[in-house]
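Down below is the structure, laid out as structure tokens.
The values are calculated or read from the model by the stated rules, or taken from the named source; none is laboratory data. Since the model is a prediction, treat every value here as computed from it, not as a measurement. Every residue, glycine as well, gets a Cβ built from its backbone with ideal geometry; the counts of neighbours run over all protein chains shown.
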2 protein chains.
Amino acid sequence: MKLTILGCHSATPKASAYPTAQVLEIRGHLFLIDCGEGTQMQLRRTKVKFSRIKHIFISHLHGDHFFGLIGLISTFRLLGREAEMHIYGPKGIKEIIMLQLKLSASHINYPLHFHELETQEPKVLFEDEKVTVRSFPLSHRVYTNGFHFQEKPGERKLNHPKAVQANIHHSLFSKLKQGFDVENENGETISNDSVTDAPDPALSYAYCSDTEYFPAVIPHIANSTALYHEATFLEEHAALAEKTKHSTAKEAAVIAKKAAVGTLILGHFSGRYRDLSVFQEQAMEIFPNTQLAEDGKSFEF
Amino acid sequence: MKLTILGCHSATPKASAYPTAQVLEIRGHLFLIDCGEGTQMQLRRTKVKFSRIKHIFISHLHGDHFFGLIGLISTFRLLGREAEMHIYGPKGIKEIIMLQLKLSASHINYPLHFHELETQEPKVLFEDEKVTVRSFPLSHRVYTNGFHFQEKPGERKLNHPKAVQANIHHSLFSKLKQGFDVENENGETISNDSVTDAPDPALSYAYCSDTEYFPAVIPHIANSTALYHEATFLEEHAALAEKTKHSTAKEAAVIAKKAAVGTLILGHFSGRYRDLSVFQEQAMEIFPNTQLAEDGKSFEF
């Protein structure tokens, strides 16, 4: 599982501070999460093979999270995309995109599907044999969702030499990987764990931006391998965080601790701070395994 | 007069190739012309004092010319702008912007005026005592306008020592600058040109992007100090230029020559070309004073 931060700054873009967008590579999928202005340039800069993106998740309709979407959709059109694209986001996102395509006389030549969200409940947005993606409500000034990406448990790993030594016919290997005991060529029952190893652990990633301190998210993100949580402000501006329905670094750390996640990644920094390392310091007092997002940086799990 | 190119590439933005936007500084005004995605980052990079922009001119509703507008308008809001802003562009631009502001619950806290264009005739968009801005029709796949920025003739320059020597009372100096002959303290008539010099020449700038080869523009841009003309393609792709209603470098040069402009600046290059110097070479065969636009580059006149 690999997370690439395309942008992790709040509100107004700067010369070298991109608004929110990130790409999650998980079990062969490439999921784009939020899409601030300049996302397509950042996708090129980070050399993400972005034609592979088939699912885009938009948390909310503040500009720093979606102004880059129309440009990306248009670019896919100009590049001759044929694969389908699914957009998940708050109700209204379809109208915004379709109006601009209509007025620019741009006919999208690939299947473009919108999945608009209005629910205040958690919801499965996507599921296949490898991954489940869910939305869950955050608490911000406008309707906002977080997203949770969960790998499904993989197959058990066949210990090939041991299976051969145990005289098991190779036609039964797929049953072994699925966890079954099998009979060998001599008619003896071979216990599964004597010839297989446990699968890689199923990883998961939770995304919480933008939101005020909101403990209701904890059951939806509990035990995630990694959590990206917004930390717009430092502790000294806690009152401003409350007023604007954002979080401080400490509040993000409290959520991470209560949810018992593996790694906390902070982002969505306000432009008022020169030295971002203070975010990490303040969070680490509560949750030691805290990292800072950075435009262009990748995290591997 | 200073022209700063923020972006001069067509269609899909690249890691370091911005779509169309430019700033014209003329007689104290800062005019923004087109506003592709990433324009606000480029404004910061080029250190343009962009809070001074009060007028934005959008040529047409293809994304590479306006996808950055909503972000810039939102940023002005977040920066606490109070000065009024005027947007000139094709009918539909207001609906696009207002829909996004509404859905993001963003209330613009400065006066935002839209001047939507539908006319197929030239039109005065802005005029004060220093500058006149006109639109004129181009010929592209959607409704598109070019823009012409014309300084008004300045005052004559007072030769102060000569005026004093001629015994003219200083209360008459402003009449001299306006070109009148005046009477001196001895009751003698002093001819204006004996104590003043000619004003700086009135400069002008013409912007033609996007358009096919379209000689009808010539009367609207004739004798301009500088002409920016799109040159999406090289001569080898003339058929493609015709099909997509764009121009080649040579066609831009023919227009520049027939309009007898001072300097031709080429831009809106297709992403297919590695070596842009060939654009200049092909144009210079017809119009020697040809320059190439470049993201971040300024031209002074």
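List of remarks:
- Every residue from segment B:24-67 that is assigned to a helix (DSSP H, G or I) and of a type in the set (A, V, I, L, M, F, W, C): B:Met41, B:Leu43, B:Phe50
- Taking segment B:9-23 as the range and being part of a loop (DSSP other than H, G, I, E, B) and either touching a Lys or Arg at 6+ places or on another chain (Cβ under 6 Å) or within 14 Å of B:Ile33 (Cβ to Cβ) (or both) as the test, the residues that pass are B:Ala15, B:Tyr18, B:Thr20.
- In the set (1) within 23 Å of A:Arg134 (Cα to Cα); (2) exposed (fewer than 15 other Cβ atoms within 10 Å of the Cβ); (3) in contact (Cβ under 8 Å) with a residue 12 or more places away in the chain, the condition left unmet by A:Glu285 is number (1).
- Within segment A:40-66, considering residues that are in contact with a helix residue (DSSP H, G or I) (Cβ under 6 Å, 6 or more places away or on another chain) and within 15 Å of A:Ser209 (Cβ to Cβ), the one modelled with the lowest pLDDT: A:Gly63
- The criterion of at least 2 residues that are in the same structural domain as A:Gly7 (by TED's automatic domain parsing) and surrounded by fewer than 19 Cβ atoms within 10 Å (Cβ to Cβ) is met by none of the strands (runs of 3 or more DSSP E) wholly inside segment A:161-270.
- Among residues of segment B:76-95, those that are among the hydroxyl-bearing types (Ser, Thr, Tyr) and at pLDDT below 95, counted: 0
- In segment B:81-100, residue nearest to the other protein chains (Cβ to nearest Cβ) [restricted to those that are in a loop (DSSP other than H, G, I, E, B) and closer than 21 Å to A:Ile97 by Cβ]: B:Gly92
- Every residue from segment A:69-80 that is on the phi < 0 side of the Ramachandran plot and more than 8 Å from chain B (Cβ to nearest Cβ): A:Leu69, A:Leu72, A:Ile73, A:Phe76, A:Arg77
- Against the test of being in a strand (DSSP E or B) and surrounded by fewer than 16 Cβ atoms within 10 Å (Cβ to Cβ), the options A:His113, A:His148 yield a single qualifying residue, A:His113.
- Scanning segment B:12-30 for residues that are surrounded by fewer than 20 Cβ atoms within 10 Å (Cβ to Cβ) and within 20 Å of B:Tyr273 (Cβ to Cβ) yields B:Lys14, B:Ala15, B:Ser16, B:Ala17.
- Residues of segment B:116-140 that are surrounded by fewer than 16 Cβ atoms within 10 Å (Cβ to Cβ), part of a loop (DSSP other than H, G, I, E, B) and within 14 Å of chain A (Cβ to nearest Cβ): B:Glu118 alone.
- Taken over segment A:18-51, the criterion of being more than 15 Å from the chain's Cα centre (by Cα) and in contact (Cβ under 8 Å) with a residue 60 or more places away in the chain is satisfied by A:Tyr18, A:Gln42, A:Arg45, A:Thr46.
- Within segment A:102-109, not a single residue is in the same structural domain as A:Ile26 (by TED's automatic domain parsing) and touching a Pro at 6+ places or on another chain (Cβ under 7 Å).
- In segment B:31-86, the residue that is surrounded by the fewest Cβ atoms within 10 Å (Cβ to Cβ) out of those that are small (Gly, Ala, Ser) and farther than 18 Å from B:Phe126 by Cα is B:Gly80.
- Qualifying residue in segment A:1-17 (condition: facing another protein chain (nearest Cβ under 9 Å) and without any contact (Cβ under 8 Å) to a residue 40 or more places away in the chain): yes
- Of all residues in segment A:35-59, those satisfying the criterion of being facing another protein chain (nearest Cβ under 10 Å) and within 19 Å of B:Phe67 (Cα to Cα) are A:Gly36, A:Glu37, A:Gly38, A:Thr39, A:Gln40, A:Met41, A:Gln42, A:Leu43, A:Arg44.
- Residues within segment A:187-237 that are without any contact (Cβ under 8 Å) to a residue 12 or more places away in the chain and under 24 Å from A:Ser247 (Cβ atoms), tallied: 2
- Residues of segment B:229-282 that turn out to be basic (Lys, Arg) and either modelled with pLDDT under 95 or over 18 Å from B:Pro215 (Cβ atoms) (or both), as a count: 3
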